[in-house]
Every structure is written in structure tokens, then in C-alpha cells.
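Q: Here you go, one structure.
The values are calculated or read from the model by the stated rules, or taken from the named source; none is laboratory data. On a predicted model such as this, the values are computed, not experimentally measured, just so you know. Don't worry about glycine lacking a Cβ; one is built from the backbone with ideal geometry, like all the others, and counts go over all protein chains shown. These area figures cover heavy atoms from the full protein model, side chains too; ligands, DNA and RNA do not enter into them. Shrake-Rupley method; radii C 1.70, N 1.55, O 1.52, S 1.80 Å.
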Amino acid sequence: MFLKLSFPSLLHSTHVCLSCFIFLCCRLCSVRTVSWIYLSLSLLLLFLPDLGSDAPPVTISVASDLHVGGVILKLVEKTQIKRDWSDHALWWEQKQQWLLRTAWTLEKYGIHADARLLFMPQHKPLKLGLPNGITLRLRASFSCPVFQTVMGICRMLNIRHPEELSLLRPVEEKKKKKDKDLAEEIYDLTEVPLSSGTLMSRPCLYNGMPAHFVDSPQMEAIYKMLSVTQPPPAPEVIAKQYRPASVVDKAHINGRWLDSSRCLMQQGIQENDRLWLRFKYAAFYDIEPKYDVVRLTQLYEQARWAILLEDVDCTEEEMMLFGALQYHISKVAQSEPQMLSTNAAMDDLESALMSLEVKMEGENSSASEFNVIVCFRPKRLTLKGYKQYWFKFQDTSISYFKSKEESIGEPIQQINLRGCEVAPDVNVASQKFLIRLLIPAPEGMNEVYLRCENEQQYAQWMAACRLASKGKSLADSSFQSEIQSIRSFLAMQKTNSHGNAPAGDESINTHSLVSPRYHKKYKPKQLTPRILDAYQNVAQLSLTDALMRFLQIWQALPDFGLSYVVVRFKGSRKDEVLGIAPNRLIRIDLGVGDVVKTWRYNNMKQWNVNWDIRQMAIEFDGNVNIAFSCVTADCKIVHEFIGGYIFMSTRSREKSDTLNEELFHKLTGGHEAL
Amino acid sequence: MDQVSDEEVEVREEEEEEEEDSDKEDQDLDKMFGAWLGELDKLTQSLDDGRPEPPPQQKAPLRQETNMANFSYRFSIYNINEALNQGDNVDLDALMADLCSIEQELSTINTKPNSSSSGLARFLLNCHIQSIRQQINSLPLSLSLLKHSYLDRETSLILRNIAGKPSHLLTKEEQAAKLKAENIRVALEKIKEAQVKKLVIRVHLSDESSKTMMVDERQTVRQVLDSLLEKSHCGYSADWSLVETINELQMERIFEDHENLVENLLNWTRDSQNRLMFTERIEKYALFKNPQNYLLGRKETCEMAERNKEALLEECFGGSSVSVPEMEGVLWLKEDGKKSWKKRYFLLRASGIYYVPKGKAKASRDLVCFLQLDHVNVYLGQDYKSKYKAPTDYCMVLKHPQIQKKSQYIKYLCCDDIRTLQQWINSIRITKYGKQLYTNFQEAMRRSEAAYDWSSLSSSSIKSGSSSSSLPESQSNHSSQSDSGVSEMTSSGHTRSQSVVSSIFSDAWRRGTQGEVRTHKNTQSFPVSSLCSCGLHFPCFPSVNLI
């Protein structure tokens, strides 16, 4: 009976020692007469990866009652190499199992002589694709359940609530030949020491970053990359990405989730393999911008890509709003490198003073008046076009006069813009600068168009109108920034009309902000006014607020958070789709695409998994039972989704810092875990 | 300042109007005026010790100062003058002192011609730091000086630095800055207090009587409701609502508890026929009493265990974002300017109401936006069958709150039945107000429970609302309603007993609930939970037993 121990990368060198191996075997057999007992004596072949690939194996002999720790100790002694072996452990290749319990004897593990054991580090480098599209190289645990591996990764990256994330096998990219030279940049985090800290303890932050990111400028750069949103991708990049075309395509992606209760090694993941880190459960708990910089950023990136790749369907209006928010976020993120921790009380005071200032300046009307000639026409009164008047902006109203000379007297009309809708109608190429005002009045909405002569004038008047519609006067501090944002947006339209936009910071191709469907539907310059229209409502948001707004709108989409799996319901003859949402299950008819039935977790009594026939049965209140087998994903994945969502709903605010890992495994673990 | 004085005038006008209108309500009014005059007294008290006229010669010396000084002070002088002209709530003594000190400062500056202009500016600021505390201590103070304190960068920098430091670690300077900030805060509070608009309103009760009361512009509907309830001694229930009725357009809307009443009332035109009603409306919070009928997108009403209701509400409103109920279906849309109604398939999304264009599928990307909800409110249309030839009387209206007359910008939608109508209206409310709505409800319930704490007898009736039949109170309501049919239930006498008050229902209440009540009775005969009955009707569904 023999026990082989080897290192995985050195299999080819086994033949070298085969002779000695056989020799030893014979010798052992002659010595021990009792061959019956499992592993009465073993012979260990040890390969040391650190000494190079052709290092000879090390052999040791052990008895079956020796515990695993003893084996390792012998092993290390034999090698005579002094180094830190603390991360190494034995991996039983045939059984796909780590021998992590050092107190267990070989016998207890049931290791036969023909077992093939490898002695290797538990933490190995892994290429990790983040939601923002960037790849990190970091050391992750290959020996503990994926759930814990993700916890470790999240601790390293400073992402709270790791239970919401998981690892996904990436979609194979069709490598074109010409893409090969575009070597992807990989950020290396393998030097980060492995923390063995307590679970979920909030890491100490230095300068807003976990300690290991403060070490060097390179590390700080990586942290910045993690915590600051990426600039909008080039339209070609969006077009090139894999887009699921149907519900079935989306269902296939969900078949790629790793099993949370088994380790990476058990799932065939090798050193340096590529995996994606993604938010898996659409139940984002307790987002606190102060602590969740990385989490919020990555969540936004995942949401943004979900929108751009039409993973979640939305209407055109919603798409434009998403586009506007992306534009705003990318702009603010560039100008606002670090979030300032401001004192809330101070802010209060300042805003109070600010409003006081505004009020006073508003009262002092002559100070905020500015005169520009603008043409004006109430819609539908004349088809001819615009008539020129002298316009004056006062507080939140505009008044107009026949000429400048008459502007001292009574205006022809005064219009208060408070509460009105302001919409742009701009075409830079044809020098059309229109402001459309919809002013509510008891009789209905008055539609008024203001025509400006040039960009400069337009930006000023547009900004003034927008502020006025919110009840702010020109004296408001945001006036200049408003003008600035309008002008930068116009600049965008200008660069777009000149063919390919240079990749400057000011110019963003509007095609970068919407899904490829709209690339075909609209030209960039057609998109600009539409996005601009939506932009005016979000232009004043801070970075955090804008990110939160983006997530909110994303979460409010009807299809948000639905993970699809193609299933075959018991008794049904055709494939159907099961949608798993944070609060319910839905059954979708593949032919029509309609939701046929909804079941809510609230009414769920229990669910059972038959691991033999890979079937799930769920029981709801009132004797509603459903059973199905899964087609595009393993039933463990479906089971984990449902159990995971139940787990997510058990989290309560009081103990938000401790993660009940045991409960998670209870709810999501399969029979292997038990 | 102009604005403020305008308001003043407006309030007085209101008051006069009310005087003409409500002679029958003399008693109420007298009390009202007593209170109101008291407030006015308080407002004007600060003027008593001030001088009646601003001293004009104060302007002259200042004007002679250097350009720099002129520049930095023009604004404040202007404001002071404005304030003085208005003669309201400004302590003239303090102002005078201030002006004198400014004058002094400036003259000392002038004696040092070498100082650079930036140095001068800083000096001016410093002067202000010193003088500002003086100002603050003498309240009410002039607005202009406060503004200058805001410009004082140094102080705010200090404040920023000390944010979060424990107080014993602060230096003297920092403590002074902190104290100053505190003082400014207090000052701001007082200024706010002094400038509050007040409006005299008239509230109609369902028994055709009316009450007059004064509201200030900061009051929410909830606060007004509370004071009304206190005065009227009617039973406390979360269903009491303030309802805006627009007679000209035959529509009405229940004000949400968090809304600002004055803001809404200022949308009315001067000669408006609109009314503000104070009645009990069970549809106001029916959504939370029977959430299963509104949040699950189901076609039929059903019962649900109390525990599940709470879970459902928590699920919908407890998260970080509110999920919009899945609301879609065929509605009638009134065509612009015509009396014809067209069928369309409408869908509600968080971003607005959409419809499916002809010949298209229901895919999100093909939907056409009907309207966005930011600027519109949802109203209940009344009697549109005869007014607009609507297919049914279950109509809702979407319009900007400022629109008060017929307009193409008002959108009319008609539902096939009362259930659909209520579902749509409530879903739109959820979309518009989100979590706020639930907070309102919880607040209302908390208050009503507190009000009933002393009596265990009636406490259960609050929770019941419309929902369950187990409660004698609501049952009696139902029966009295069916007994009396459509006849007006005006109890002209001021009997304050709870049962009578709670049996006063408005038209909309009756129409709003009849459907609901009936369906409740239907489902009650099946004592099974909601989902169960659905599942049983589901045709091709295998149960585990069959496996």
C-alpha cells in the first residue's frame, strides 16, 4: 500500500523516481507483514515547486495512524528547506478534496495507498475581472468554500457585504487575431499580505483606504481605479461586448456561477485562471457611501454595463436618463477625486446661509438683472418665426420689452418661470439655439420659445431658466457651474459633428452612453439634445447622489434583479424560463415571453432538492407545490439563488456587521456540504 | 423684500374675504382673529423700541469712502435701506450701531493709505468678524450683516477644521468660531420665524358646515389635520383627510400628509370655486390596510393574514428603493379636445406612464412615454360619464397642480371598474411619493394609536379601517351605508360621538369602497389564503403529491 504525494506541475518527472519508488515498495512490503490495514506504511513522493520544475520528489514513509499534521511535518523536515509553509496544505487529487484537518489521521480521511496527494499552497493567484471591466491579479483561497474566498477578496478590496457577490466563470471571448497584440493591463495585488482577521470586521482605514493600499503609489493607484468610476467606454467597445440577445441567452450566463459551498480547486479552477467578480444577489443592503466607496463604484459599473448591454430592458426615456447620469458621473468623478468628509452640521449651516443669501439677492432684484436680446415667439401664434424683443431676467421671471430703450418702463409681459419645464432645442451645426419653456398657468401650459443668437447667450439663458424653474435666482451660486455644464455639453455636440471625437476629457461621444440599439437609431448629434434634456434634472447632483440615483432607477426597472434559468416543469413538455427575483419566482412562457405565474418567497413554506434526479420542488402556503428540473444551470445554482435570497432577507439592521455564514450555508449548501 | 410685503397684503386680503364669506361662523372667526392678532402683535413688537424712520444722513458719509469700501458696502447699505423702508422686524438700534461702527472702521482705514487693497479687504472682513457677534446678540438683526458673516472665509475654514473634534481640544479661536456658528444658527431660526407667511383658510366639513383657521406656510397637511382633529373633537382615525375639490373641472384629490398645504392652496386662482374638505376617506390609506390588493398586480381582491400584510409592506417599502407595483392594462384615454375616448394599453413604470403603440409588442424599448409623473398629480374625476361622455364613471385625471381650467394639458383616463381605478391611483401615488407615503401612514397610525391609548375598546377599530369584518365598528359602517343607499348622510347636528362621525362619508368614499366591500364579502366565504386560491385555479400545475 502506497501513498503518493506529488506536486501538480511536476507530473512529468514522476518517471524519474519510478525505479526508486518500486524499490521502496518492495522493501516496505517485506518489512511489514500485515498488509491488510489501510496505510500501514506509506511512501511519500514530494515535489517542491519552489525549487524548480524538475526538482526531485521527496519521499517519506508514514503510518496510517499518523495525522495529517504529522505528515506535513515529516514532509517539511525531509525537504530541509526553510521557508514559510504555513499556507501549504495537502490536496487529495482523486477525491478532489483538501486535507485541511491536521488532527485527522490518514485513516480517518480514508486515504488508501493509491491516493495521490499534492502538497501546495492554499492561496494562489487568480485573475479577477471586476464589474468595471478591469482585471486584477490577486491571491485567493483555493481551499475554503467560494463563499469564504469571496469574503477574503472583498476584504482585500474593501467591499462590504461580500455575501451579495460571487464568482462567475467568464464568457469565452471570441479572440480575433488582431486583438492579440492588445495585451490587457493587469493590476497586481498578489503582494498584499493575507489577512486572517476576524470575519467582516471593518478594516482600519488610512486616508480612506485599507492599510495595504497605502504602502506604495502603485497600490494607491489601484485603489483609485477600484473606487473611481471608469470613463465611458468607446462605442466600439460596447458594440464588441457579448450581449445576451434573449432570455435564454441570459439564462445561460447564470449557469456559470461557481458553487459557493465548494472550493475553487474542487470546481476545476486552476492557478491564474480568469474569473469574474460580480454582484449576484440583487438585494443591496445598507449602502453607506461613506464606507462603501468601492462597493458603490463597482455596483454602479455593473449596473451601467447591464444597461449598456441591455441585460435589463428599459424604455428610451429611461435610457436617455441613464445616459445623462453616466455623463454627469464621469464628469464629476474627474473633477472630484476624493469625497470630502464634510460635517453635516456645517453643511446645514452653510446651506441655510446660502438660501438666505439667495433670498436676499432675489429681493434685491436689480443686482441680478441681465439684459440680452433674445427672440421670442409663443408657439402656434405665427408660423413666420421669431420676433425680436429686449429681454430682461429678474429673480425668477423674465420680462420683455419692445426695445432696450423701453426697458425702464412697463414690460409687454412678465413671465414667472418658477415651476416651469425647460427643454433645450439645439442644433449647433445649424446654429439653432432654442429654449422651450412650458409654463404652468391656471389655464394650462403656456408654451414659449426663446431663440438665442449664439452659444454663449444660450448657455446663460438656459442656465438662468433652469435655476428659475427651481425657484432660484441668478445670484445662486450654482449659476456659473450650470452655465459651464451646458457649454461643455454643447461642446460635445460640436465635436461629434466633426466625425470621430478625439478622446479628450471634455468630449464624450454620446454613443458611449447608450446601448448599441440606439447607435443604430440615432446619430450622436441627434442623441445629444435628448440626453441634454434628461441631463438638466441631474446636473446638480453630487457624485454620490448621482451614483445612488443611477442605482435607484436601475433598481426600479421592472426586470431588475431577475436571474433567468431555463427549466422543465414537472408534467410540462416544453422548456420554460424561471425568473428568480429578490422577492419572488416567476414563470415565463418562452413562446410568448409573458409572465405566466408569480410565486412570492413570503408564501414559501419549504423547498427540496432531489440531488439524484437533479430536481427542485417548492412548496408554498396553501398546498401550492411546484417541481422542476433545471436545463441551463445546475440545480445547485438555482437552489443557491433561492436560498441566497432568503438569506439576504434575514439580514437585519442591528447586526449588520456580522455575517451569519452558517445560516448562509444551511440555506444554500447542497448535500456535499452536509 | 417686495415678496414679503406682497405676502402680507395677500394675507390681509384673504382675511377680508373670509370675513365676508362666513358670517355664520362668527364664533369661530372671533377666536381666529384673537389668535391672529396675537401673532401680529408678536411680529410688530420688535418695532416698538425701534425708531420709526431711518435716518437718511447715514448714507452720506459712507458714500464718500474709498472705492473699495464702497464696493464692499454698497450691497449691504442697499439691503439695510430696503429693510428700513419695509419697517418690519428689524432692530433699528442695532442697525444704527452697526452703521456707526462701519463708518468708524472705514475712517481708520482711510488714514492708512499704504495698505494694499487685498489687505484692506481682509481688514474689512475682520472688522466684520468682530462686529458680527454684536449683531447676533441683538436680535432680530439685519440680514445684510449676516450675509457678510457668511463671506467670512476664515471662520468657516476654522469651522471646517474643527468639525468632529471633541470640544475640550479646541483652541480659544476655534471655540469662538464655534460659538459664532451657533449664534448664526439661532439667528437664522429667528429670521425664519419672523418671515413665515400665514394664510387664513376655510375648511368645509361633510355636513356642509365650515371652519376657518389660520395655517402658516411651513405646516404640512398632517399638522393641519392634527389641529383640525383637536378642535373638532371627532374620533381620531388615520382616514381623516384634507381633500381639494376643483369644481370647475369636477375633480378632487386627497392631499398627502407630507405635502405643504399653503403651497398647494396658492395654486388656486383668486376667484376660485375650489374647496378644501375635511372628511374621512378610507381610500387614503386603504393601500396599507390591504396591500395585497394593490401591490401584487392582481385582478381580484382577496384577504391576507395580518402577518403577511406586514411582510409585504416591509418588502415593498422597507428596502432602499421602492418597487413600483406592476400596473398595466387597457384604459380609455380621452382624446384632446374631443369627447371621444380611445382604448390603449398602458403600463406604469418608475419613470412614468407608458403605452404600447399600435402594432407593437410590450417590449420596454418600444413603449411610448405618455407622461412623466414629476410635475403632475393624480386626481379623481367625478361624474365624467355625463360631463365628458366617459365610458364609465371611474375616471382619473393627471394634471399639473397649477392648471385650474380646461386645458389640453390635462389628461383624462377612464377605467372599467372601481378596482382598477383605485389600483392605478394608488400605484401612481406609490411611484410618485415612494417611501414617504408609507412613512405618512405609519405616522398617522402612531398618532391615532396614541390618541386611543386610554381606551382599549376602540383601539382596534383604527387598525381595522376598511378591511376586516371582525370589527363591529366598520361593520356598522357598512350596514348603515347600504341602508341609506345614496341619500346624503349629513348629520347637521354636531354630535361628536365617534360612531356618528365615522359614519359620515363623502361621495367618493362610498363609491370607492362599495366595490371593495363587496369583494371582501366574496372572499370571506373562502377562508383560504390568497395565493392558495390562485394556485388552485391554475390549470396545468403539478403538485408535489403527483410526483
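Q: Taking residue A:401, is it buried (at least 17 other Cβ atoms within 10 Å of the Cβ), away from chain B (no Cβ under 14 Å) and modelled with pLDDT under 75? Please lay out each step first, then the result.
A: Working: buried (at least 17 other Cβ atoms within 10 Å of the Cβ): yes; away from chain B (no Cβ under 14 Å): yes; modelled with pLDDT under 75: no.
So residue A:401 fails the test.
Q: Can you tell me which of (1) at pLDDT 90 or above; (2) part of a loop (DSSP other than H, G, I, E, B); (3) open to solvent by less than 20 Å² (accessible area, probe 1.4 Å) is the one residue B:238 doesn't meet?
A: The failed condition is (1).
Q: Across segment A:526-562, what is the number of residues that are in contact with a strand residue (DSSP E or B) (Cβ under 7 Å, 6 or more places away or on another chain) and within 14 Å of another protein chain (Cβ to nearest Cβ)?
A: Keep residues of segment A:526-562 that are in contact with a strand residue (DSSP E or B) (Cβ under 7 Å, 6 or more places away or on another chain), which gives A:529, A:532-533, A:536, A:558, A:562.
Narrowing further to those that are within 14 Å of another protein chain (Cβ to nearest Cβ): A:533, A:536, A:558, A:562.
Total meeting the criteria: 4.
Q: Inspect all residues belonging to segment A:627-642 and state whether any of them is modelled with pLDDT under 85 and touching a helix residue (DSSP H, G or I) at 6+ places or on another chain (Cβ under 8 Å).
A: First pass over segment A:627-642, keeping only residues modelled with pLDDT under 85: none.
Checked segment A:627-642: no residue is modelled with pLDDT under 85 and touching a helix residue (DSSP H, G or I) at 6+ places or on another chain (Cβ under 8 Å).
Q: Here's something else I'd like to know. Would you be able to say whether some residue in segment A:583-592 is facing another protein chain (nearest Cβ under 8 Å), crowded, with 20+ Cβ neighbours inside 10 Å and at pLDDT 90 or above?
A: No, segment A:583-592 contains no residue that is facing another protein chain (nearest Cβ under 8 Å), crowded, with 20+ Cβ neighbours inside 10 Å and at pLDDT 90 or above.
Q: Then there is this: Test residue A:437 against the stated conditions and say whether it is touching a residue at least 40 places away in the same chain (Cβ under 8 Å), open to solvent by less than 10 Å² (accessible area, probe 1.4 Å) and assigned to a strand (DSSP E or B). Let's see the steps before the verdict.
A: On the way: touching a residue at least 40 places away in the same chain (Cβ under 8 Å): no; open to solvent by less than 10 Å² (accessible area, probe 1.4 Å): yes; assigned to a strand (DSSP E or B): yes.
Judged against the criteria, residue A:437 is not a match.
Quick grid of which residues meet (1) open to solvent by less than 10 Å² (accessible area, probe 1.4 Å); (2) at the interface with another protein chain (Cβ under 10 Å from one of its Cβ atoms); (3) on the phi < 0 side of the Ramachandran plot:
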{"position": "A:612", "(1), (2), (3)": "no, no, yes"}
{"position": "A:626", "(1), (2), (3)": "yes, yes, yes"}
{"position": "A:631", "(1), (2), (3)": "no, no, yes"}
{"position": "A:635", "(1), (2), (3)": "yes, no, yes"}
{"position": "A:638", "(1), (2), (3)": "yes, no, yes"}
{"position": "A:641", "(1), (2), (3)": "yes, no, yes"}
{"position": "A:646", "(1), (2), (3)": "no, no, yes"}
{"position": "A:649", "(1), (2), (3)": "no, yes, yes"}
{"position": "A:658", "(1), (2), (3)": "no, no, yes"}
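Q: If I filter segment B:374-411 down to residues being among the aromatic types (Phe, Trp, Tyr) and outside any helix (DSSP H, G or I), which single residue comes out as nearest to the other protein chains (Cβ to nearest Cβ)?
A: Here is the first cut: in segment B:374-411, the ones among the aromatic types (Phe, Trp, Tyr) are B:379, B:384, B:388, B:394, B:409.
Keeping just the survivors that are outside any helix (DSSP H, G or I) gives B:379, B:388, B:394, B:409.
Working: B:379: 15, B:388: 16, B:394: 25, B:409: 4 Å.
Among residues in segment B:374-411 that are among the aromatic types (Phe, Trp, Tyr) and outside any helix (DSSP H, G or I), the one nearest to the other protein chains (Cβ to nearest Cβ) is B:409.
Q: Here is a follow-up. Any idea how many residues of segment A:578-589 are over 23 Å from residue A:284 (Cβ atoms) and part of a strand (DSSP E or B)?
A: Within segment A:578-589, the first condition is being over 23 Å from residue A:284 (Cβ atoms), and the residues that meet it are A:587-589.
The next check asks that each one be part of a strand (DSSP E or B); those that pass are A:587-588.
Residues flagged as over 23 Å from residue A:284 (Cβ atoms) and part of a strand (DSSP E or B) within segment A:578-589 amount to 2.
Q: Please find, within segment A:390-438, the residue that is farthest from residue A:469 (Cα to Cα) out of those that are in contact with a strand residue (DSSP E or B) (Cβ under 6 Å, 6 or more places away or on another chain) and charged (D, E, K, R).
A: Taking the candidates together, the pick is A:404.
Q: Okay, moving on. Filter segment A:309-333 down to the residues that are part of a helix (DSSP H, G or I), under 13 Å from residue B:365 (Cα atoms) and touching a helix residue (DSSP H, G or I) at 6+ places or on another chain (Cβ under 6 Å) and list them by number. Even if it seems obvious, please write down each step before you answer.
A: Our first condition is that a residue be part of a helix (DSSP H, G or I); within segment A:309-333, this holds for A:316-333.
Then keep just the ones that are under 13 Å from residue B:365 (Cα atoms); that gives A:316-320.
Result: A:320, single match.
Q: If you don't mind, there's one more thing I want to ask. Scan segment B:432-440 and give yes if some residue there is within 14 Å of chain A (Cβ to nearest Cβ), crowded, with 22+ Cβ neighbours inside 10 Å, over 18 Å from residue B:281 (Cβ atoms) and of a type outside the set (Phe, Trp, Tyr), otherwise no.
A: No, that holds for no residue.
To keep it simple, each residue is scored yes or no on (1) surrounded by 20 or more Cβ atoms within 10 Å (Cβ to Cβ); (2) over 26 Å from residue A:192 (Cα atoms).
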| residue | (1), (2) |
| --- | --- |
| A:62 | yes, yes |
| A:65 | no, yes |
| A:76 | no, no |
| A:92 | no, yes |
| A:100 | no, no |
| A:120 | yes, no |
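Q: Right, next: Cβ contacts < 9 Å: first residue more than 9 Å from every other protein chain (Cβ to nearest Cβ), restricted to segment B:312-323; second residue surrounded by fewer than 20 Cβ atoms within 10 Å (Cβ to Cβ) and among the basic types (Lys, Arg), any location; separation 6+ or different chain. Result?
A: Every condition considered, the pairs that remain are B:317/B:435; B:318/B:435.
Q: Still on this structure, I have one more. Please determine, by comparing only the residues of segment B:331-349 that are in contact (Cβ under 8 Å) with a residue 24 or more places away in the chain and open to solvent by 70 Å² or more (accessible area, probe 1.4 Å), which one is nearest to residue B:394 (Cα to Cα).
A: B:339
Q: Kindly check whether there is at least one residue in segment A:468-476 that is crowded, with 18+ Cβ neighbours inside 10 Å, among the acidic types (Asp, Glu) and at pLDDT below 80.
A: Within segment A:468-476, one or more residues are crowded, with 18+ Cβ neighbours inside 10 Å, among the acidic types (Asp, Glu) and at pLDDT below 80.
Q: Also: Mind listing just one residue for me: the one in segment A:267-289 that is away from every other protein chain (no Cβ under 13 Å) and surrounded by fewer than 18 Cβ atoms within 10 Å (Cβ to Cβ) and, of those, farthest from residue A:245 (Cα to Cα)?
A: A:271
Q: Scan segment B:357-373 and tell me whether some residue there is away from chain A (no Cβ under 14 Å) and open to solvent by 20 Å² or more (accessible area, probe 1.4 Å). Lay out the reasoning, then the answer.
A: Filtering segment B:357-373 for residues away from chain A (no Cβ under 14 Å) gives B:358-359.
Adding the requirement that they be open to solvent by 20 Å² or more (accessible area, probe 1.4 Å) leaves B:358-359.
Yes - at least one qualifying residue is present in segment B:357-373.
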